[in-house]
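The values are calculated or read from the model by the stated rules, or taken from the named source; none is laboratory data. Only a predicted model underlies this, so the values are computations on that prediction, with no experimental measurement involved. Cβ atoms come from the backbone with ideal geometry, glycine included; neighbour counts cover every protein chain shown.
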């Protein structure tokens, strides 16, 4: 790792204009080392960044992944972040949304969502991003939907005092129906 890199990585209180530089520093870090046997290379960057920033290794790995995606694959996003036209949460959402796409599709998604990003709230940006991802690869979106539908389930977990927690994962229309039906159904409990 470059000497003195820890001074570039304050975890809190960074100014907005510092964020792009932080992403570049994070993306450049290389914490690979040989294991104890000296035969296998292991990447300890997440652990080292996590220790420096007082983050869990998983959170540090996420930040490293976002930084590397921004620097290597989303240059226009990094420029808008540098100019202060968008904030880090916008860049983070875009970075995480394109992680599985190839460079050409990533560029297409980036171009589509950055046109209005500076004028949108984070929620509006998220909606635009979801639409851009679907438009960029409709077959894959349909496949992800089918996989999500296959994961639908209802879970009952017994709780104290004779009650049961109900947890459900299902489609949007079913959620609305489930949310309104208990209010409309007659009460089974006698007063």
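Out of the residues in the range 49-68 that are touching a helix residue (DSSP H, G or I) at 6+ places or on another chain (Cβ under 9 Å) and not in a helix (DSSP H, G or I), which is surrounded by the fewest Cβ atoms within 10 Å (Cβ to Cβ)?
Across the range 49-68, the extreme among qualifying residues is 56.
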Considering the range 101-130, residues that are outside any helix (DSSP H, G or I) and free of Cβ contacts under 8 Å to residues at least 12 places away in the same chain, and then whichever is farthest from residue 79 (Cα to Cα), we arrive at 102
Of (1) more than 15 Å from residue 20 (Cβ to Cβ); (2) in contact (Cβ under 8 Å) with a residue 24 or more places away in the chain; (3) surrounded by 20 or more Cβ atoms within 10 Å (Cβ to Cβ), residue 46 fails just (2)
Taking residue 68 as the residue in question, decide whether it is more than 24 Å from residue 137 (Cα to Cα) and modelled with pLDDT under 95. no
For residue 158, the lone unmet condition from (1) farther than 30 Å from residue 22 by Cβ; (2) within 21 Å of the chain's Cα centre (by Cα); (3) exposed (fewer than 14 other Cβ atoms within 10 Å of the Cβ) is (2)
Note on the range 1-47: residues within 21 Å of the chain's Cα centre (by Cα) and at pLDDT 75 or above are 21, 22, 23, 24, 25, 26, 27, 28, 29, 45, 46, 47
Tell me yes or no: at least one residue of the range 137-148 is in contact with a helix residue (DSSP H, G or I) (Cβ under 7 Å, 6 or more places away or on another chain) and either modelled with pLDDT of 80 or more or within 30 Å of residue 83 (Cβ to Cβ) (or both). yes
Note on the range 115-142: residues surrounded by 11 or more Cβ atoms within 10 Å (Cβ to Cβ) and over 22 Å from residue 95 (Cβ atoms) are 142
Taking the range 77-92 and keeping only residues that are touching a helix residue (DSSP H, G or I) at 6+ places or on another chain (Cβ under 6 Å) and either outside the structural domain of residue 137 (by TED's automatic domain parsing) or part of a helix (DSSP H, G or I) (or both), one is left with 77, 78, 81, 82, 88, 89, 90, 91, 92
